[in-house]
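Participant: There's a structure below that I have some questions on.
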Amino acid sequence: MRSVLFTFTALSLVSGSLATGISDEDLSLQQNVIHFPDATWHTPQSNVQAVCYQIAYAISDASEVFFPSTHGYAASNKHALASSSGESACSVQPGSPQDVGLILQILGKSRTPFGVKGAGHTGNPGFSSTSGVQISLARFDTFKVNTEAQTVELGPSLTWDDVFERLTPYGVNVIGGRIPGVGVGGLTLSGGYSFQTSQYGLSIDNVVAFELVQPNGTITTVTEANHDLWFALRGGGNNFGIVTKFTFKSFPQGQVWGGAILYAPDQLDAVKAATAEFGKVTDPKAALITTFVYTPGGVSTAALIFYNEPNPPKGMFDAILDIPSPMKDVSIRSFADFIKAVGVADPPGERGSFCGFPVTNYSSNFLDAIAEQISIWGKKLTDIDPTVFVAADAELLDSTVFSHGAPSAYPPDRSLVYFPSILSFTWPNSSLDETIFQAQREIANNLRAAALKDGQDVERAAVYPNYALFDTPLEDMYGQNVPRLRELKRAYDPENVMGLTGGFKF
Ligand SMILES: Cc1cc2nc3c(=O)[nH]c(=O)nc-3n(C[C@H](O)[C@H](O)[C@H](O)COP(=O)(O)OP(=O)(O)OC[C@H]3O[C@@H](n4cnc5c(N)ncnc54)[C@H](O)[C@@H]3O)c2cc1C
Ligand SMILES: *[C@@H]1O[C@H](CO)[C@@H](O)[C@H](O)[C@H]1NC(C)=O
Ligand SMILES: *[C@@H]1O[C@H](CO)[C@@H](O)[C@H](O)[C@H]1NC(C)=O
Ligand SMILES: *[C@@H]1O[C@H](CO)[C@@H](O)[C@H](O)[C@H]1NC(C)=O
């Protein structure tokens, strides 16, 4: 079975659409800090090749530019999903923040589209890929445990499963992703939901410092003292520059209990009932993700269960554990082993798309609606191509989930409670891209209607940006924060350098 949380997306890379956010207006060139003999040209696309050479000339020995048909080029452009990957003119792997600064200056001055890739797990086409210059952060792989300060420094290209594995001997942990392969960079900059989020908050609630290369090339360390950037970086994605290092708070970590359980379609009602019942649990050390997967024989389900101690309280998980299952892998293990047990390697060559639908209550009515949508649309889509994978996740968190941090770009209102939920589909054939995106939009609309009918106040429930389909309006993710974020964007990136790269743009 595929990674249960995996259903992400893949947008077709409509040619020319990659330069998201680039306007035609001739933005005045910023005062450049570096001077090149050939810095007078100004035309984008046709000169990307020249920009590649200019970058190669400017950077230090710590960094390297790669051209097509080299290993470095392929690695820089590789993504978990084929649909999020691109063919850049060249790629660069900067090895120092100074070089990132030089690269951003050259790209900004020449108005060259670029991509910024952490670990390449976005589901959205063009969000970390480009036809211009691909910046791979592969060389930013700091891993440093500061025992005394109780912090861990992490580079953006590390994957969370690797981080957890390397932290195990230290007996500490940080708040990061739930499935192997997902990157530190992208997950953190848009929020970050972990199996320990009910207990400790989002990943952004556990960052104490960002090493940031600003769009004009200035390197700065952003902490709580930097009021505006501190707010903007915690959820604002790649709008404010490139982060070359995160410093996380760490906390003690012992063995945990949990794992994955799969259920056949005939247990659907029992799984829905046990999930609704689990919604009443208020212990922040507990977590449950229930996944609904379409199969020709009906909707099968999976439960990912977690307790942040070797022994969960008596009875807490009984309703889930008692349901007959063909595959159950639940045990006491290290946190790293638990993460390995709940996900599998990325499906090679698959296209994929994610679409979020925030809710306030996984009531039995609402769980019925999720199962019904997966059943109806799974049938429709597999009638077109039987290899399409259609799934949805309910992510049960404690109602105190947003109480662990100060105001941040996301979530827009920490006084509200809502849980991220995700549609995650994969398929192999690019001819289906538009059909799938449209299906996900319709399902998310139907589920929103179902939540409203269930009496849930989802009007202001924000979609988690890392789960949002590429065309989601900013207001749906950032709500009341949009005007402030737009203002900050203008102040910190007046030349709109970060507008040359993909992602949600303020
Ligand atoms: C299988 C799977 C499981 C997932 N599980 C979870 C989960 O448990 N919890 C959760 O919260 N999310 C989860 N996600 C969503 C995940 O958080 C996003 O896909 C995230 O963007 C991945 O980060 P990345 O660095 O791997 O991606 P990338 O594709 O490399 O980057 C994503 C975005 O972030 C930007 N970016 C990355 N690094 C930097 C940087 N250092 N500076 C500036 N911009 C940067 C990129 O430009 C791009 O726009 C999951 C996704 C998948 C595919
Ligand atoms: C969720 O919905 C159920 C069923 O309608 C209801 O009993 C429960 O009180 C709701 N919980 C919350 C937190 O609103
Ligand atoms: C993809 O779908 C198109 C359109 O239905 C079809 O012509 C093509 O053969 C498919 N490709 C593969 C590899 O199945
Ligand atoms: C770069 O931008 C930052 C923030 O806007 C500003 O403080 C700094 O002076 C700028 N640096 C240069 C060299 O323009």
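The values are calculated or read from the model by the stated rules, or taken from the named source; none is laboratory data. Everything quoted here is computed from the prediction, not taken from an experiment. Neighbour counts are summed over all protein chains in view; Cβ atoms, including those assigned to glycine, are modelled from backbone coordinates with ideal geometry.
Participant: Within segment 335-381, take every residue that is part of a loop (DSSP other than H, G, I, E, B) and within 16 Å of ligand 3 (Cβ to nearest atom) and give me the one that is nearest to A286 (Cα to Cα).
Facilitator: P347
Participant: Just give me the residues in segment 90-112 being over 20 Å from V48 (Cα atoms) and within 15 Å of ligand 1 (Cβ to nearest atom), in sequence order. Lay out the reasoning, then the answer.
Facilitator: Initial filter on segment 90-112 (over 20 Å from V48 (Cα atoms)): 95-98.
Matches in segment 90-112: G95, S96, P97.
Participant: Could you grab me the full set of residues in segment 126-169 that are hydroxyl-bearing (S, T, Y), touching a residue at least 60 places away in the same chain (Cβ under 8 Å) and over 20 Å from T188 (Cα atoms)?
Facilitator: Initial filter on segment 126-169 (hydroxyl-bearing (S, T, Y)): 128-131, 136, 142, 147, 151, 157, 159, 168.
Those still in the list that are touching a residue at least 60 places away in the same chain (Cβ under 8 Å) too: 128-131, 136, 142, 151, 168.
T130, S131, T168, listed by residue number.
Participant: Which pairs have Cβ atoms under 8 Å, sit 6 or more apart or on different chains, and link a residue in segment 220-239 that is closer than 13 Å to G191 by Cα and within 13 Å of ligand 1 (Cβ to nearest atom) to one that is of a type in the set (K, R) and at pLDDT 95 or above?
Facilitator: A232/K489
Participant: Which residues, counting only those in segment 240-293, are away from ligand 1 (no atom under 16 Å from the Cβ) and in a loop (DSSP other than H, G, I, E, B)?
Facilitator: S250, Q253, G254, Q255, A264, G279, K280, V281, T282, D283, P284, K285
Participant: Another one. Considering each of P215, P180 in turn, give the residue that is in a loop (DSSP other than H, G, I, E, B) and either over 30 Å from Q255 (Cβ atoms) or of a type in the set (D, E) (or both). I'd like the intermediate steps shown before the answer.
Facilitator: On the way: P180 fails: either over 30 Å from Q255 (Cβ atoms) or of a type in the set (D, E) (or both).
Among P215, P180, only P215 is in a loop (DSSP other than H, G, I, E, B) and either over 30 Å from Q255 (Cβ atoms) or of a type in the set (D, E) (or both).
Participant: Looking at P411, P473, which one is closer than 30 Å to D346 by Cα, away from ligand 3 (no atom under 16 Å from the Cβ), touching a residue at least 40 places away in the same chain (Cβ under 8 Å) and out of contact with any His (no Cβ under 6 Å at 6 or more places or on another chain)?
Facilitator: Working: P473 fails: touching a residue at least 40 places away in the same chain (Cβ under 8 Å).
After ruling out the rest, the residue left standing is P411.
Participant: F317 fails exactly one of the following numbered conditions: (1) over 20 Å from Y467 (Cα atoms); (2) crowded, with 23+ Cβ neighbours inside 10 Å; (3) in contact (Cβ under 8 Å) with a residue 60 or more places away in the chain. What is the number of that condition?
Facilitator: (3)
Participant: In segment 61-89, what count of residues is obtained for those that are among the small types (G, A, S) and either more than 12 Å from ligand 1 (Cβ to nearest atom) or touching a Cys at 6+ places or on another chain (Cβ under 7 Å) (or both)?
Facilitator: As a first pass, look at segment 61-89 and keep what is among the small types (G, A, S): 62-63, 69, 72, 74-76, 80, 82-86, 88-89.
From what's left, either more than 12 Å from ligand 1 (Cβ to nearest atom) or touching a Cys at 6+ places or on another chain (Cβ under 7 Å) (or both): 62-63, 69, 72, 74-75, 82, 88-89.
So the count comes out to 9.
Participant: Which ones in segment 183-212 are of a type in the set (G, A, S) and either within 16 Å of ligand 4 (Cβ to nearest atom) or part of a helix (DSSP H, G or I) (or both)? Explain how you work it out, then say what you get.
Facilitator: First, the residues of segment 183-212 that are of a type in the set (G, A, S): 183, 185-186, 190-192, 194, 198, 201, 203, 209.
Passing the criteria: G185, G186, S198, S203.
Participant: From the list A406, A391, A449, which one is surrounded by 15 or more Cβ atoms within 10 Å (Cβ to Cβ) and assigned by TED's automatic domain parsing to the domain that holds N365?
Facilitator: Values: A406 fails: surrounded by 15 or more Cβ atoms within 10 Å (Cβ to Cβ); A449 fails: surrounded by 15 or more Cβ atoms within 10 Å (Cβ to Cβ).
Of the residues listed, the single one that is surrounded by 15 or more Cβ atoms within 10 Å (Cβ to Cβ) and assigned by TED's automatic domain parsing to the domain that holds N365 is A391.
Participant: Can you find a residue in segment 147-154 that is part of a strand (DSSP E or B) and within 13 Å of ligand 1 (Cβ to nearest atom)? Spell out how you get there, then give the answer.
Facilitator: Our first condition is that a residue be part of a strand (DSSP E or B); within segment 147-154, this holds for 151-154.
Then drop every residue that is not within 13 Å of ligand 1 (Cβ to nearest atom), which leaves 154.
Yes - at least one qualifying residue is present in segment 147-154.
Participant: Still on this model: I'd like the residue in segment 414-430 that is crowded, with 24+ Cβ neighbours inside 10 Å and in a strand (DSSP E or B) and, out of all such residues, is nearest to ligand 4 (Cβ to nearest atom).
Facilitator: I422
Participant: List the residue pairs whose Cβ atoms are under 9 Å apart, where the first residue sits in segment 432-452 and is closer than 17 Å to T382 by Cβ, the second is of a type in the set (G, A, S) and part of a helix (DSSP H, G or I), and the two are 6 or more positions apart or on different chains.
Facilitator: D433/S83
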